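See below for the structure under consideration.
Here, each number is a calculation from the coordinates, and none is a lab measurement. Model, not experiment: these values are computed from the prediction. When we count neighbours, we look across all protein chains shown, and the Cβ atoms used for this are built from the backbone with ideal geometry, even at glycine.
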Amino acid sequence: MNTSIGRTLKTAAAATLTAGLLAAGAAAASAHVTVDPSATAEGGFTKLTFSVPNESETAKTNRLEVKLPTDTPLTSVSVKPMDGWKAQVVTTTLPKPVEVAGATVTKAPTSVIWTADAAHQIGQNEFQTFTLSVGRLPAAGTTLMLPAAQGYTDGTTVNWADAAEAEHGHASATSSAAASSAPAEAEEHRPAPSFVVTAAETAEGSATAAPDAAPAGPATQAVASNGSQAAGWIGLVAGVLGLAAGATALVRTRAARK
């Protein structure tokens, strides 16, 4: 009896451990480099927080490069300092001049590169966040793609650069040492961090629905008041005339009787 119970417990424990390992594997396989904007309104500024998980079982993440758009450049880019990570904002000449807020822009930040020291690299089952403050955001409806290149200590670079609607099977991971050294999962779909710009925010109270009926203004109220007063005077005069007519009739009736 005890042997049977012991076997059952061992089987249950093994099943639980297997399920846990499978779940961990699935989580690692589905992890992506993502971006979380604090605001998305057209013409505004936003804080971009990139979440970067380490996906390698044998190497640590020691480098991250985020590419910024050149067709809708972000003219203001600043980096939040991080312990153990050195950040570099790279400014280059744009492929063609772009109008931003009424000004012609020919140069703008086109990438940000973070490099870690040995003590702050991202290890197994770890992730790190990287924060930028950028602006101004382009027109509403624009999808801002921010491709990221994740570097590892073994020389491998994983490019998170696929469009969100791209099909699986696109080559999106390469090795900086040699193409043949790319991992087997290199053919997996690796979407670029991205978000969609929304409509510009309006000043509070600047846009209100038209009321069903406009309230009476001072002129309308004056007319209504004057009209009421006129009606009152007319009623009073009519009353006086009525009393006078009644008195006259009464006098005539008395005179006729005499």
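Diffusion of region 26-122 by Stokes-Einstein, at 10 °C in a medium of 1.306 mPa s and with Rh set to the Kirkwood radius over alpha-carbon pairs, works out to 103 µm²/s. Counting Lys and Arg as +1 and Asp and Glu as -1 over every other residue whose Cβ lies under 14 Å from the Cβ of V89, the net charge comes to +3. Applying both filters, DSSP loop and at most 14 other Cβ atoms within 10 Å, to the GluC sites (Glu not before Pro) of region 41-125 gives E57.
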